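Since the structure comes first, as structure tokens, the remarks are kept for the end.
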Amino acid sequence: MSIGPLPDSLLVPFPPGSVWLAGAGPGDPGLLTLLALQGLRQADVIVHDALVGKAILDLASKTARLEFAGKRGGRPSAHQDDITSRLIELAREGHRVLRLKGGDPFVFGRGGEEAQALAEQGIPFRIVPGLTAGIAGLAYAGIPATHRSANQAVILATGHSLGGGPDWRALAATGAPLILYMAWKALPTIAAELMAGGLAPDTPVGVVTEATTPNQKTLVTSLGACVADLAASGLEPPAIIVIGEVVRLRPVLDWLPQHG
């Protein structure tokens, strides 16, 4: 992908010795914000996670140094304290540091923790919001987060920590669609708790992997069958999982049928 220079009216200075905490969106480089693109073009060092794909990193300045700081469940991962310390170290060395995350840094991206640490150390920083995968990823699968015929509220939740996680039975009682991040391994427990909280086994479930990329896949199933269907699907995490009536709209609204 080749993109020409931005007009001067849109340029935002990226001072040396500062950090931009930026969201790269769900995967499609076309969903980058102009600010995120400017960060990629101006940064001296880009500290990125595992959800930022090659097509996005290819837009970086040719002189930028890439540093991987990804986290994936069940695999060797960088510790958050080490990542934060590295951001501070690089900024103190006078670099323009882009901390690039998949989705949005303030939606289950720990961007708030990193920003707090930077503020405590006196490091100038800027927040660059991105399109969160829980909304944009579903849009590419033809599943709206809200629809007047189905819901007036939506719940974003993370399922990676059942011990200190949401009260799934209470969330079931709201009747609002649930958009789940990092819930793959915990789905058997989550599904059982949601049904115990009153959701019917035939409540529709959508699972979207590699959202907004050419490899996007979507599985449509039900709450009672989702665990078995997902195990048999051949899909792999990470994924966005949505539970609720909005999933029934996919046959009409799916505009990328070639993506499964």
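The values are calculated or read from the model by the stated rules, or taken from the named source; none is laboratory data. All values reported here derive from a predicted model rather than from experimental measurement. In this analysis, Cβ positions are derived from the backbone assuming ideal geometry, glycine residues included, and neighbour counts consider all displayed protein chains. These accessible areas exclude ligands, DNA and RNA; they are computed on the full protein's heavy atoms, side chains included. Shrake-Rupley method; radii C 1.70, N 1.55, O 1.52, S 1.80 Å.
In deg cm²/dmol, rounded to 500, what helix-only [θ] at 222 nm does the chain give when every DSSP H run of at least 4 residues adds -39500 (n - 2.57) and the total is split over its residues? It would help to have the intermediate numbers written out before the result.
Numbers: 9 runs with 73 residues, N = 260.
Only helices count here, giving -7500 deg cm²/dmol.
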Q. Based on the mean of other beta carbon atoms within 10 Å per residue, what is the order of 148-156, 200-208, most packed first?
A. 200-208, 148-156
**Q.** Thr203 long-range amide H proximity, modeled H, under 5 Å
**A.** Leu223, Gly224
Q | Most to least packed among 173-184, 56-67 [average Cβ atoms within 10 Å] | A | 173-184, 56-67
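With the full set of protein chains in place, find how many percent of the accessible area of segment 6-127 is carbon and sulfur; take the probe as 1.4 Å.
Looking at segment 6-127 in its full context, I get 54 percent from C and S.
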Q: Below 24 Å Cα-Cα, how many Lys pairs turn up in the chain? Only count pairs eight or more apart in sequence, or on different chains, if you could.
A: 11
Q | Mean-position separation - Cα centroids, segment 23-47 and segment 98-123, in angstrom | A | 15
Q. For the chain, what is the percent of antiparallel DSSP beta bridges, rounded to the nearest 5?
A. 45
Q. Amide H to amide H under 5 Å from Arg65: which residues, 5+ apart in sequence or cross-chain, H placed 1.01 Å off N in plane?
A. Val45, Ile46
Q) Placing +1 at every Lys and Arg Cβ and -1 at every Asp and Glu Cβ, with all other atoms neutral, what dipole size does the chain have around its Cα centre, in debye to the nearest 20? A) 240
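What percentage of the solvent-accessible surface of segment 139-188, computed with a 1.4 Å probe over protein heavy atoms, is contributed by carbon and sulfur atoms? Walk me through the numbers on the way to the answer.
Numbers: 1400 of 2530 Å².
Accessible surface attributable to carbon and sulfur in segment 139-188 totals 55 percent.
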Q | Overall form of segment 123-260 per C-alpha gyration tensor (a/c, 1.5; a/b vs b/c) | A | rounded
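Per residue, how much accessible area does segment 102-260 have with a 1.4 Å probe, in Å²?
Values: 7490 Å² over 159 residues.
In whole numbers, segment 102-260 has 47 Å² accessible per residue.
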(Q) How compact is the chain by the rule of thumb for globular proteins, expressed as Cα Rg over 2.2 N^0.38 Å? (A) 1.06
Q) Over all pairs of distinct alpha carbons, what does the Kirkwood formula give as the hydrodynamic radius of segment 39-167, in Å? A) 16.5
Q.
Which three numbers, in whole Å and largest first, are the semi-axes of the equivalent ellipsoid of segment 216-260 derived from its Cα gyration tensor as √(5λ)?
A. 18, 14, 9
(Q) Can you give me the angle between helix 80-92 and the longest principal axis of the chain, using Cα atoms only, in degrees from 0 to 90, rounded to the nearest 10? (A) 20
Q. Given H placed on each backbone N at 1.01 Å, which residues far from Thr158 in sequence or on other chains put an amide H within less than 5 Å of it?
A. Tyr181
